[in-house]
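Since every read-out is calculated from the coordinates, none of them should be taken as a lab result. Computed from a prediction, not measured in an experiment: that's the story for all the values here. Cβ coordinates were reconstructed from backbone atoms using ideal geometry, including for glycine residues, and neighbour counts include every protein chain displayed.
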Amino acid sequence: MKINIKHVAKLANLTLTKEEEKRFEKQLEVTLDTINKLNEVNTDNTEITSQVTGLENVMDDDIPQPSLSQKKALANAKNTYNGLFVVKAILEE
Amino acid sequence: MIYKLTIKKAKEWLANKEFSSAELTKACLDRIKETDETLRAFVTITEAHALEDARRADELIANGDDKPLLGIPFVIKDNFSTVGVQTSASSNVLRGYVPPFDATVVAKLKEAGMVMLGKTNMDAFAHGSSTETSDFGTTKNPWNPEFLPGGSSGGTGASVAADQAIAGIGSETAGSIRQPAAWCGIVGLKPTYGRVSRYGVVAMASSTDSPGPMTKIVEDSALVLNVLAGKDPHDATSSPKPTKDYTKGLNKSIKGRKIGISAKYIEGIEKDVLKAFEEARRVFEKLGASVVDIADLGIDILDPQYSIGVYTILQRAEVSSNLARFDGIRYGNDRSAFGDEAKRRIMLGTYTLSAGYYDAFYKKALKVRTIIVNEFHKMFEEVDAFIAPTSPSPAMPLGSSKNHPMFGEMADVLVEPSSIAGLPGINVPAGFSSNKLPIGLQVMGTQFAEDTILNLAHEFEANTEWHLRKPEL
């Protein structure tokens, strides 16, 4: 099974070297062959299971509680400005 | 040698003033210094914190306080958020990250009086079954440092087995508690999904992640589960079902209990493991339980090989989503710091969730998951528990996982089905291989049947001596 490694890396927001592209492509194809074994199982009349707890629409009491202070929230950021996180520009002039 | 004690014994001795928590903590810290250059079980040793925790515990003990884990030295896997102490999940992405809050598990342990010795090594982001994907070096197996401790909770497994701590905490998505417990020769309990809060645990696969205890004896796991279990408002998937006192009923006779096995389930496991499993089966029979092949009850189960497919798809998909948050902006380092295994998993998950492949892979896996859940459901209408070896082999040599993209799945083939179904399971030491490495037995139960599997595991332990053997270090 073939996998378009460049496209997938872009979707995943990962930058790969040429060597990594080649290596991962091969390794991921091995994994895909293993998981393709699932096609041997008949699931025509089977519903999906996305959770096993049986819990649905869990609601929390709407009580305001203290959250992290601005100082604590910023403490692990490498780049801050005026008490805010600095992010890459997504729109440029 | 007080570092060799179990929680149960250490509590008694602390209560009788045989020694103080400060002395016990110091003994563990000395043991760590003596052995960790070889084992590399730790990412961070929190000596000053530990001595301060112990001093406070001793004050409380002097005042007659009897918190359940008061003054007991623990090690915590490095994917549990610990306020003020680096939580790296053994990854370069989170190297240097210091959480501003405690995971619920950590908060509960602190409330119960534990002393934290440090944070243990693991596969980076828990991606693996060897600790070889750690960005902080590989942990070694205390029984033979040429071998792997298993993983992902390999640091906790090695540390508890080497008596660096009285007990430890791990987390399991599919095998990460039970398999390192088996390879290191200790007890490891993976609770029912939702029994213990995931809040503050660096997420791997949110639909199966389950924190749990790794201890020297079964009773200790029950003691720790008493502290950890319960609904947490910070984790909406934690269960509101009432908890129990899991230490009650450990000694109950297992006479008349019906235990399932399956020849089909364990096809292809190693000879030494099969031999230990056959002996384990006879122990249960001698205690009056009836052990039956579920095929003879008319119950068919899927080859566990299919669980590898289901687990691989679901886990990679959840990983790709959970690890999307790491951008190096608010905390941690940017995405170029991911190791090979994380990159592979993120990419496979991204691929199986992408347009055109979602139905063929992700949805297909969710459907086969239903079949697995239903099969277990049917099985547990007929039997009280299901037993199997924990791992198809004893510990494998260092280097075994390198360049095997499916290493973990093969090592975890016998635990993945129950993890997919969210069921509880416990590993107990059950023998040794010809090359003197531990072999583990697992007891699996239906949802929230922690009391049943703890009882069976405890009675097995009480009638065998495997748990008494210690590695020479």
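What does a probe at B:Lys33 reach in the range B:142-178, counting residues whose amide N is under 16 Å from the point 7 Å along Cα→Cβ?
Only B:164-165 pass the distance filter.
So how much slack lies between A:Ser67 and A:Lys88, counting 0.36 nm per residue of separation and subtracting their Cα-Cα distance, in nm? Mind showing how you got there, number by number?
Working: separation 21, 0.36 × 21 = 7.56 nm, distance 2.59 nm.
Length difference between fully extended and current span is 5.0 nm.
Got the relative contact order for chain A handy, in percent, Cα pairs under 8 Å and 6 or more residues apart? Walk me through the numbers before you get to the answer.
Numbers: 23 pairs, mean separation 15.7, N = 93.
In percent, rounded to a whole number, it is 17.
For the pairs B:Lys216/B:Lys286; B:Lys255/B:Lys275; A:Lys22/B:Lys343; B:Lys8/B:Lys216; B:Lys119/B:Lys248, note any where the Cα-Cα span goes beyond 19 Å. Spell out each step's value before the answer.
On the way: B:Lys216/B:Lys286 24 Å; B:Lys255/B:Lys275 24 Å; A:Lys22/B:Lys343 13 Å; B:Lys8/B:Lys216 10 Å; B:Lys119/B:Lys248 31 Å.
Over 19 Å Cα-Cα: B:Lys216/B:Lys286; B:Lys255/B:Lys275; B:Lys119/B:Lys248.
Setting aside same-chain residues fewer than 8 positions from B:Lys252, which aspartates and glutamates have a Cα under 20 Å from its Cα?
In chain and number order, the partners are B:Glu219, B:Asp220, B:Glu285, B:Asp384, B:Glu450, B:Asp451, B:Glu459, B:Glu461, B:Glu465.
How many partner chain Cβ atoms sit within 10 Å of a residue's Cβ in peptide A:4-17, on average, as a whole number? List each step's numbers first, then the result.
Values: counts 2, 2, 0, 3, 9, 4, 1, 8, 14, 8, 9, 4, 3, 0.
Average neighbour count from other chains, rounded to a whole number: 5.
R0 = 45 Å: FRET efficiency of B:His404 with B:Asp66, Cβ-based, nearest 0.05? Mind dumping the intermediate values first?
Details: r = 49 Å, r/R0 = 1.08.
According to the calculation, E is roughly 0.40.
Could you work out how far apart the two model spin labels at B:Lys275 and A:Asn13 are, taking each label as a point 7 Å from the Cα in the direction of the beta carbon, and quote it in nm?
The modelled label-to-label distance comes out at 5.3 nm.
Here are some pairs, A:Lys26/B:Lys264; A:Lys78/B:Lys108; A:Lys2/A:Lys37; which of them have Cα atoms lying more than 20 Å apart in this structure? Can you show the working numbers first?
On the way: A:Lys26/B:Lys264 32 Å; A:Lys78/B:Lys108 31 Å; A:Lys2/A:Lys37 16 Å.
Long pairs (Cα-Cα over 20 Å): A:Lys26/B:Lys264; A:Lys78/B:Lys108.
To the nearest 0.05, what FRET efficiency results for B:Val292 and B:Lys241 with a Förster distance of 25 Å applied to their C-beta separation?
0.30
In nm, to one decimal, how far is the modelled label at B:Ser434 from the one at A:Thr46, with both set 7 Å along Cα→Cβ?
Placing both labels 7 Å along Cα→Cβ, they lie 3.9 nm apart.
How do B:Ile177, B:Ile261, B:Ile439 rank when sorted from fewest to most other Cβ atoms within 10 Å of their own Cβ? Write down the numbers at each step before the final one.
Details: B:Ile177 37, B:Ile261 22, B:Ile439 28.
In order of increasing Cβ crowding within 10 Å: B:Ile261, B:Ile439, B:Ile177.
Scan the range B:337-381 for trypsin sites (Lys or Arg not before Pro) in coil per DSSP, keeping those whose Cβ has at most 14 other Cβ atoms within 10 Å, and list them by number. Could you put the intermediate results ahead of the total?
Values: sites: B:Lys343, B:Arg344, B:Arg345, B:Lys363, B:Lys364, B:Lys367, B:Arg369, B:Lys378; in loops: none.
Nothing satisfies the criteria.
Listing B:Ser176, B:Ser434 from the residue with the fewest other Cβ atoms within 10 Å to the one with the most, what is the order?
Numbers: B:Ser176 36, B:Ser434 9.
So the ranking, lowest neighbour count to highest, is B:Ser434, B:Ser176.
With 10 angstrom as the radius, rank B:Glu450, B:Glu12, A:Glu25 by how many other C-beta atoms surround their C-beta, starting from the fewest.
Numbers: B:Glu450 25, B:Glu12 12, A:Glu25 17.
If I rank by nearby Cβ atoms, fewest first, I get B:Glu12, A:Glu25, B:Glu450.
Show me, for the range B:271-284, the HN-Hα J-couplings you get by feeding each phi into the Karplus relation (A = 6.51, B = -1.76, C = 1.60, θ = phi - 60°), rounded to Hz, glycine and proline as x.
4, 4, 5, 4, 5, 4, 5, 4, 5, 4, 4, 5, 4, 5
With the Cα gyration tensor of the range B:399-473 giving a ≥ b ≥ c as the square roots of its eigenvalues, does the rule (a/c under 1.5 for rounded; else a/b larger than b/c for prolate; else oblate) give rounded, prolate or oblate? Could you put the intermediate results ahead of the total?
Values: a/c = 3.21, a/b = 1.07, b/c = 2.99.
Judged from the Cα gyration tensor, the range B:399-473 comes out oblate (a/c at least 1.5, b/c at or above a/b).
Which residue, B:Ala15, A:Ala75, B:Leu473, has the largest displacement toward the positive end of the dipole of the protein assembly as shown when charges sit on each Cβ (Lys, Arg +1; Asp, Glu -1)?
The residue sitting farthest along the positive end of the dipole is A:Ala75.
Classify the range A:1-86: rounded, prolate or oblate, from the alpha-carbon gyration tensor (a ≥ b ≥ c, eigenvalue square roots; a/c under 1.5 rounded; otherwise prolate if a/b is larger than b/c)? Don't skip to the answer; put the middle values down first.
Working: a/c = 4.60, a/b = 1.31, b/c = 3.51.
Because a/c hits 1.5 or more and a/b fails to exceed b/c, the range A:1-86 counts as oblate.
For A:Lys37 and A:Ala75, compute 0.36 nm times the residue count separating them, minus their Cα-Cα distance, and round to one decimal in nm. Write out the running numbers ahead of the final one.
Numbers: separation 38, 0.36 × 38 = 13.68 nm, distance 4.71 nm.
Length difference between fully extended and current span is 9.0 nm.
Using a 7 Å offset from the Cα along the Cα-to-Cβ direction at both B:Arg55 and A:Asn57, what is the distance between the two label points in nm, to one decimal?
The two pseudo-label positions are separated by 5.4 nm.
Which shape class, rounded, prolate or oblate, goes with the range B:337-473 when its Cα gyration tensor gives a ≥ b ≥ c as root eigenvalues, a/c under 1.5 marks rounded, and past that a/b bigger than b/c marks prolate?
On the way: a/c = 3.11, a/b = 1.30, b/c = 2.40.
Note, shape of the range B:337-473 comes out oblate.
Mind telling me which of A:Asn42, A:Asn76, A:Asn13 comes out most flexible in a GNM of chain A, alpha-carbon contacts under 10 Å?
Among A:Asn42, A:Asn76, A:Asn13, the largest GNM mean-square fluctuation belongs to A:Asn76.
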